[in-house]
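To start, the structure under review is shown below, and the notes come after it.
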Amino acid sequence: MGVKKISKTPEAGSSMPRYELDELKAQAKELFGVRAEVVAGAMHDTDGQHFSIAEVQGKIQQFMKAKVV
């Protein structure tokens, strides 16, 4: 099975390609080394549907460092 290419959605004024959140979740293991559930948790309170890989990576790092109460 090959890796599915995800479609880029260019946004005005942005130099980084942005992807749909569902596509990023589907490729979470390959892109970020985490499961889709981790991406879902990290992006839970985030507005919007399109994100750059760097944005999601930053949110995942914050999410993984957060203390559990």
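All of the numbers you see were taken from the coordinates with simple rules; none came from a lab. Predicted model, so just to flag it, every value in this text is computed and none were measured. Note that each Cβ is placed from the backbone with ideal geometry, even for glycine, and that neighbours are counted across all protein chains shown.
Summary table
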quantity	calculated
Nitroxide proxy distance, nm - points 7 Å out along Cα→Cβ at Q61 and E30	2.4 nm
Two-site FRET efficiency, E37 against M16, from Cβ-Cβ distance with R₀ of 30 Å, rounded to 0.05	0.75
Coarse-grained scattering of region 11-53 at q = 0.18, 0.27 Å⁻¹, given as base-10 log I(q)/I(0) from a Debye sum over alpha-carbon atoms	-0.50, -0.98
Cβ-based exposure ranking for V38, V69, V56, in which fewest neighbours within 10 Å come first	V69, V38, V56
